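What follows is one structure encoded as structure tokens, with my remarks underneath.
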Amino acid sequence: DSYPEVMTVNSVFGYNEVLPKSLDLMRDITPLPHWMNAGFSSYSIWWLLCHYEWYRYHGNKAYLEQSRDYITALLRQLMTQIAPDGQECLDGTRFLDWPSNSNKDAIAAGLQALMVWGMRVGVEFAELFEDRQLSNDCKAAEKKLVKAASKVYKKFLASCPAPDAPGSKQVTALMTITGLIDAPKADKEFLSINGAQGFSTFYGYYMLEAMAMAGNYQGALDVIREYWGAMIDLGATSFWEDFDINWIPNAAPIDELVPEGKKDIHGDCGAYCYVGFRHSLCHGWASGPTSWLSRHILGVEVIEPGCRQVRITPHLGDLQWVKGTFPTPYGELQIYHEKQANGNVISEVKAPKGVSVIK
């Protein structure tokens, strides 16, 4: 759950002790070889990715070193979950998100991409730890996984009922982010099909990221308005754990009593573990647009760990201007972009001492 939340905290609040304490707690209550979240193998991979992003934004190597033994052992355990032909064979609970949970081929393809991502981050960790053997082993594992990825993806495509069916956009997003499929092709054939149909609250963030990799910033903005905007139109003041735009027709807003003949979008909607008021109407894993807007519209990209160097490349789409701040360990970046009549964007950036800005 935590990866989009880590990215949101990094982009909005900066350092908050809740995040490292949460990462440490999950480590401490999950002795290896157990998987996190009571047996979800993918969650242990997400823990690695969270740790990497926390280090990248805050640059605290001393904190990272506190989990060195666990990180190293977890990477080695993940390597044992790769079959001789390079396909992942993760045991435990195999899971991407609930909307994709009935599609086993989607889960297999998604986990293949997650394993590739995990091994790439493993290389970064190994180099930080100056562990050459671990680095070489992660690179070798990644190579095997990448080689088998096309086979796994083809099997997924053969079982894919529609480009916007549950699981389709989740898998395509992960495959795109990890460079296993072409971003413009993925966007055209899957991610942009029928707008927000097939989007989900957790994986919506990765779908937006994949659309940005394809250069489709405007399409991603439109989906944010359509999908997350619909929650706001229905009275949300925070984003929800679960949401499907097909719930919208005849639904009453959550900030008033449900009139007779109207749908109670909280009590009447949801599947899997979300039936009957089960899903939260305030859930951090749905906050993906927050960090996405900072990264791609405001345009802030962290280049060096600890935000010592950032690149600012705005993509305003149909917006005329954007103004915002971005937290760094040295203080806030203050940013303003305005589109001119000729389409060019004029930017004003104020950076704290210690942060180098590339435009």
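The values are calculated or read from the model by the stated rules, or taken from the named source; none is laboratory data. Remember, predicted model here, so these are calculated numbers, not experimental data. Note that each Cβ is placed from the backbone with ideal geometry, even for glycine, and that neighbours are counted across all protein chains shown. Note: areas computed on protein heavy atoms with side chains; ligands, DNA, RNA excluded. Shrake-Rupley method; radii C 1.70, N 1.55, O 1.52, S 1.80 Å.
Details
- Surface composition of the range 173-311: carbon plus sulfur atoms hold 52% of the accessible area, using a 1.4 angstrom probe and ignoring ligands, DNA and RNA.
- In the context of the full set of protein chains, residues of the chain present 44 Å² of accessible surface per residue (probe radius 1.4 Å, heavy atoms only).
- Kyte-Doolittle mean at least -0.5 and Cα axial length at least 18 Å: DSSP H helices in the chain: 104-128
- With contributions of -39500 (n - 2.57) from each DSSP H run of at least four residues, the per-residue ellipticity at 222 nm computed over the chain stands at -13000 deg cm²/dmol.
- All lysines inside 25 Å of LYS353 as judged from Cα atoms, apart from same-chain residues fewer than 8 positions distant: LYS61, LYS323
- Among the listed pairs LYS339/LYS359; LYS104/LYS151; LYS143/LYS185; LYS185/LYS339, those with a Cα-Cα distance over 20 Å are LYS143/LYS185; LYS185/LYS339.
- As a rough guide to protection, the peptides 159-167, 288-296 ranked by mean Cβ packing within 10 Å, highest first, stand as 288-296, 159-167.
- Pairs of Cα atoms nearer than 8 Å and 6+ residues apart set the relative contact order; for the chain it is 16 percent.
- Highest to lowest packing among 248-259, 87-98, scored as the average C-beta count within 10 Å: 87-98, 248-259
- The protection proxy used here, the mean number of other Cβ atoms lying within 10 Å of each residue, ranks peptides 132-145, 173-186 as follows, highest first: 173-186, 132-145.
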